[in-house]
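Engineer: Shown below is the structure under consideration.
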Amino acid sequence: KIVLLSVTEGEDKPLKYPSIFFKSELMVLTKTDLLPYVPFDVELAVSNARRVHPEMEVVKVACLAGDGMREWMTWLERRKQAFLAEFPQPVASL
């Protein structure tokens, strides 16, 4: 599972909704291009998320600038490859 947290929501959300964050392997921190304009502490948000789920990975993205998109796609590809390795498809016979 993946959870999206926008910088406009506040860094306290992982502590307010721990069941959502506890079940997630990745937190995508969105709208990071707004950081200069909103009061949001990235390190506190990550710390709060990891208090709920210590192994949680974090990717920071700003879609307008494209920042973090390659990292996000790489994470998805790694998970896809791990899934396919765990559940290989049978070879079709002719």
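The values are calculated or read from the model by the stated rules, or taken from the named source; none is laboratory data. Note that the coordinates shown come from a computational prediction; the quantities given were computed from them, not determined experimentally. Here the Cβ positions follow ideal geometry from the backbone for every residue, glycine too, while neighbour counts run over all protein chains shown. Note: areas computed on protein heavy atoms with side chains; ligands, DNA, RNA excluded. Shrake-Rupley method; radii C 1.70, N 1.55, O 1.52, S 1.80 Å.
Engineer: Give the residue that is most open to solvent (accessible area, probe 1.4 Å), with candidates limited to residues of the stretch 4-22 that are touching a strand residue (DSSP E or B) at 6+ places or on another chain (Cβ under 8 Å) and under 25 Å from ARG78 (Cα atoms).
Structural biologist: In this case the residue turns out to be LEU4.
Engineer: When you check LYS1 against the structure, is it within 10 Å of the chain's Cα centre (by Cα), exposed (fewer than 14 other Cβ atoms within 10 Å of the Cβ) and modelled with pLDDT under 95, yes or no?
Structural biologist: Considered against the rule, which asks whether it is within 10 Å of the chain's Cα centre (by Cα), exposed (fewer than 14 other Cβ atoms within 10 Å of the Cβ) and modelled with pLDDT under 95, LYS1 comes out as yes.
Engineer: Out of the stretch 44-90, which residues are surrounded by fewer than 17 Cβ atoms within 10 Å (Cβ to Cβ), modelled with pLDDT of 90 or more and assigned to a loop (DSSP other than H, G, I, E, B)?
Structural biologist: Within the stretch 44-90, PRO54, GLU55 qualify.
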